[in-house]
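*Asks:* What follows is a single structure, and I will ask about it in a moment.
The values are calculated or read from the model by the stated rules, or taken from the named source; none is laboratory data. Just so we're clear, the structure is a prediction, and the values are computed from it rather than from any experiment. Note: ideal-geometry Cβ built from the backbone for every residue, glycine included; neighbour counts use all protein chains shown.
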Amino acid sequence: MQLLTKDSNAKIKKTNKLTQAIYEFYNLTLTSRIITKKDGSTFDPCPNANLFGCREDCLRESGRGIFSNVRDARTKKLELFVNDQATFMKMLSNECLKIVKNRVIKLKKKVRIRLNTISDIDYLSILCVRDGITYKNIFMAYPELNFYDYTKIASRFGKKLPSNYHLTMSDSREPKAQKQIDYALKRGGNVATVFFVKKGEPLPTIHRGRKVIDGDIDDNRIEDDKNIVVGLRLKGNEAIKNIDRSNFVYTQAI
Ligand code: SF4
């Protein structure tokens with residue numbers, strides 16, 4: 001089982017194509033479904049999904065997620081994570097080590113890894129072993145790599161993040177989520193907002209009092225300016241059909 005992939009996600013593939021002279025992007029895709037562990041307890045890979053009201057509208061079944069074999073493979077990875085975290089982290093660490101040796105050192109590539117593509121797991125608090133040494137987390141174990149995520153857990157913006165880990169807060173129209181979003185914004189976080197804007201049409205210029213940048217161009221969030229909104233256009237026929245009940249799509253800027 002391979003955990004990290006390079007071009008399996010359309011946006012990451014596009015980003016790789018655009019930035020290939022300098023960067024290489026990899027990602028890890030699990031699933032946002034709550035799963036039952038071997039011991040009978042449950043694990044929620046997205047602890048704030050209910051607060052943000054996003055689980056139903058999650059993109060887990062769009063893109064390659066329309067294929068059942070792809071969804072099964074993602075679920076298997078999450079099952080390994082919850083039932084045997086040590087093995088999961090060992091595999092992830094080995095894959096990172098290979099990338100450092102073969103891509104960073106040999107080819108001088110700047111590598112960026114998104115660990116939460118369809119999940120919101122706190123990798124900051126999971127130990128990682130590299131060459132027999134245990135580090136506080138994977139970010140500290142691999143300073144040669146840069147990591148980034150989108151999250152709905154504002155408390156992560158209250159922590160001192162490792163310098164090679166970048167977070168963008170996810171927006172929501174859900175009233176119960178506003179405190180979380182405000183908390184992240186006050187601590188210098190950017191926010192990613194989905195607008196009901198068609199492909200090729202312009203995004204609003206200002207949202208939440210901040211400049212909106214076009215986040216559809218690529219997934220290179222690490223280079224984003226501070227205090228901005230990462231604007232995204234709503235994609236997928238299913239999502240457009242369900243626009244009325246969606247909590248995370250803005251029909252107009254606020
Ligand atoms: S937090 Fe993100 S990945 Fe999780 S259910 Fe919500 S939209 Fe999906």
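*Asks:* Scan region 106-127 residue by residue and report those that are more than 16 Å from the ligand (Cβ to nearest atom), assigned to a loop (DSSP other than H, G, I, E, B) and under 14 Å from Phe147 (Cβ atoms).
*Replies:* In the first step, residues of region 106-127 are kept if they are more than 16 Å from the ligand (Cβ to nearest atom); the result is 106-113, 124-127.
Filter again for assigned to a loop (DSSP other than H, G, I, E, B), leaving 106-109, 126-127.
Hit for region 106-127 is Ile126, nothing else.
*Asks:* Quick one: which residue in Thr87, Thr75 is more than 16 Å from the ligand (Cβ to nearest atom), hydroxyl-bearing (Ser, Thr, Tyr) and in a helix (DSSP H, G or I)?
*Replies:* Values: Thr75 fails: more than 16 Å from the ligand (Cβ to nearest atom).
Only one candidate qualifies: Thr87.
*Asks:* Scan region 39-54 and give yes if some residue there is surrounded by 15 or more Cβ atoms within 10 Å (Cβ to Cβ) and farther than 19 Å from Phe248 by Cβ, otherwise no.
*Replies:* Filtering region 39-54 for residues surrounded by 15 or more Cβ atoms within 10 Å (Cβ to Cβ) gives 43-46, 48-49, 51-54.
From what is left, the residues that are farther than 19 Å from Phe248 by Cβ are 43.
Among the residues of region 39-54, at least one is surrounded by 15 or more Cβ atoms within 10 Å (Cβ to Cβ) and farther than 19 Å from Phe248 by Cβ, which makes the answer yes.
*Asks:* Polar (S, T, N, Q) and touching a residue at least 60 places away in the same chain (Cβ under 8 Å): is that true of Asn102 in this structure? Write out each step before concluding.
*Replies:* Details: polar (S, T, N, Q): yes; touching a residue at least 60 places away in the same chain (Cβ under 8 Å): no.
Spelling it out, it is not the case that Asn102 is polar (S, T, N, Q) and touching a residue at least 60 places away in the same chain (Cβ under 8 Å).
*Asks:* Starting from residues that are in contact with a strand residue (DSSP E or B) (Cβ under 8 Å, 6 or more places away or on another chain) and either outside any strand (DSSP E or B) or β-branched (Val, Ile, Thr) (or both), keep the ones in region 163-179 and report whichever is farthest from Tyr135 (Cα to Cα). I'd like the intermediate steps shown before the answer.
*Replies:* Here is the first cut: in region 163-179, the ones in contact with a strand residue (DSSP E or B) (Cβ under 8 Å, 6 or more places away or on another chain) are 164-171, 173.
With either outside any strand (DSSP E or B) or β-branched (Val, Ile, Thr) (or both) added as a condition, the list becomes 164, 168, 171, 173.
Working: Asn164: 14, Thr168: 24, Asp171: 32, Arg173: 38 Å.
If we take residues in region 163-179 being in contact with a strand residue (DSSP E or B) (Cβ under 8 Å, 6 or more places away or on another chain) and either outside any strand (DSSP E or B) or β-branched (Val, Ile, Thr) (or both), then Arg173 is farthest from Tyr135 (Cα to Cα).
*Asks:* Output the qualifying pairs, or none if there are none: Cβ atoms under 8 angstrom, residues six or more apart or on different chains, first residue in region 113-137 and more than 18 Å from Met169 (Cα to Cα), second residue within 16 Å of the ligand (Cβ to nearest atom).
*Replies:* Asn137/Tyr123
*Asks:* Which count do you get for residues in region 33-54 that are in contact with a Ser or Thr (Cβ under 6 Å, 6 or more places away or on another chain) and near the ligand (Cβ under 9 Å from one of its atoms)?
*Replies:* Step one: list which residues in region 33-54 are in contact with a Ser or Thr (Cβ under 6 Å, 6 or more places away or on another chain), which gives 34, 36, 42, 45-46, 52.
Subsequent filtering for residues that are near the ligand (Cβ under 9 Å from one of its atoms) retains 45-46, 52.
Qualifying residue count, region 33-54: 3.
*Asks:* For region 209-224, indicate whether the set of residues that are surrounded by fewer than 17 Cβ atoms within 10 Å (Cβ to Cβ), assigned to a helix (DSSP H, G or I) and at pLDDT 95 or above is non-empty.
*Replies:* Yes; the residues of region 209-224 include at least one that is surrounded by fewer than 17 Cβ atoms within 10 Å (Cβ to Cβ), assigned to a helix (DSSP H, G or I) and at pLDDT 95 or above.
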